[in-house]
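Read through the structure below, which is laid out as structure tokens, and then see the notes.
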Amino acid sequence: MGVSAAGKTTVGRALATDLGWSFHDADDYHSEHNIAKMRAGQPLNDDDRRPWLASLRRLIDDILAGGEHAVLACSALKQAYRDALTPDGSKAECVRFVYLDVPEPVLEERISRRRGSFAPPELLPSQLATLEEPHDALRVDGAKPIPEIVRAIREGLSI
């Protein structure tokens, strides 16, 4: 989890490959409305995110019901969003969050080089303003090289 340009997709893919797990990118689950809004430089609000989070929760529930493991790259900026993604009861311990903490100047530099993303650089300030840094997630320095980040995640989560 983390803001735009934190490296969620890149790190998530590398981690999933390293673990032999499936990888899912939450951006693939956005509605056309949400994508159009972000492309226009308009930040999403809670009402925009609600159906998106519900679809991600169904994905998580299906993965857990199948006894599988997966890595999901998702912004999960607010605690309420993380709560919406976490199953109730005994399955809650199966969902772990990793916060890719990246300094703002690094985020700005990364986002300026991105191509093909529907989230323009203008959305970064709203993402940073929305971010509620998690207290229950593994915090990892997302500015480090990918192999170091993957190693830190594996060690931090004992996987």
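In table form, for the structure just shown:
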{"quantity": "Some residue of the range 56-66 being of a type in the set (D, E, K, R) and in contact (Cβ under 8 Å) with a residue 40 or more places away in the chain", "calculated": "no"}
{"quantity": "Criterion violated by Gly20 - all others in (1) at pLDDT 95 or above; (2) touching a helix residue (DSSP H, G or I) at 6+ places or on another chain (Cβ under 9 Å) satisfied", "calculated": "(2)"}
{"quantity": "Candidates Ser4, Ser22 - the one that is surrounded by 14 or more Cβ atoms within 10 Å (Cβ to Cβ) and among the small types (Gly, Ala, Ser)", "calculated": "Ser4"}
{"quantity": "Subset of the range 108-119 [at pLDDT below 80 and either touching a helix residue (DSSP H, G or I) at 6+ places or on another chain (Cβ under 7 Å) or closer than 17 Å to Asn45 by Cβ (or both)]", "calculated": "Phe118, Ala119"}
{"quantity": "Selection within the range 120-159 - surrounded by 16 or more Cβ atoms within 10 Å (Cβ to Cβ) and modelled with pLDDT under 95", "calculated": "Pro121, Leu123, Leu124, Ser126, Gln127, Thr130"}
{"quantity": "Condition met for Asp83 (closer than 19 Å to Pro134 by Cα and of a type in the set (Asp, Glu))", "calculated": "yes"}
{"quantity": "Elements of type strands (runs of 3 or more DSSP E) in the range 1-117, at least 2 residues being in contact with a Phe, Trp or Tyr (Cβ under 8 Å, 6 or more places away or on another chain)", "calculated": "70-73"}
{"quantity": "Matching residues, the range 110-119, being surrounded by 12 or more Cβ atoms within 10 Å (Cβ to Cβ) and without any contact (Cβ under 8 Å) to a residue 40 or more places away in the chain", "calculated": "none"}
{"quantity": "Failed criterion for Asp28 (all others in (1) under 26 Å from Ala143 (Cα atoms); (2) of a type in the set (Asp, Glu); (3) modelled with pLDDT under 95 hold)", "calculated": "(3)"}
{"quantity": "Pair list, Cβ under 7 Å, 6 or more apart: the range 73-102 residue free of Cβ contacts under 8 Å to residues at least 40 places away in the same chain, other residue surrounded by 13 or more Cβ atoms within 10 Å (Cβ to Cβ) and of a type in the set (Ser, Thr, Tyr)", "calculated": "Ala92/Thr86; Val95/Thr86"}
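Each row is one residue, and each column tells you yes or no for (1) within 18 Å of the chain's Cα centre (by Cα); (2) at positive phi.
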residue: Leu44; (1), (2): yes, no
residue: Arg58; (1), (2): yes, no
residue: Gly89; (1), (2): no, yes
residue: Asp101; (1), (2): yes, no
residue: Val106; (1), (2): yes, no
residue: Glu109; (1), (2): no, no
residue: Arg114; (1), (2): yes, no
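The values are calculated or read from the model by the stated rules, or taken from the named source; none is laboratory data. Keep in mind that what you see is a predicted model, and the values were worked out from it rather than measured. Glycine gets a Cβ as well: all are built from the backbone with ideal geometry, and neighbour counts include every protein chain shown.
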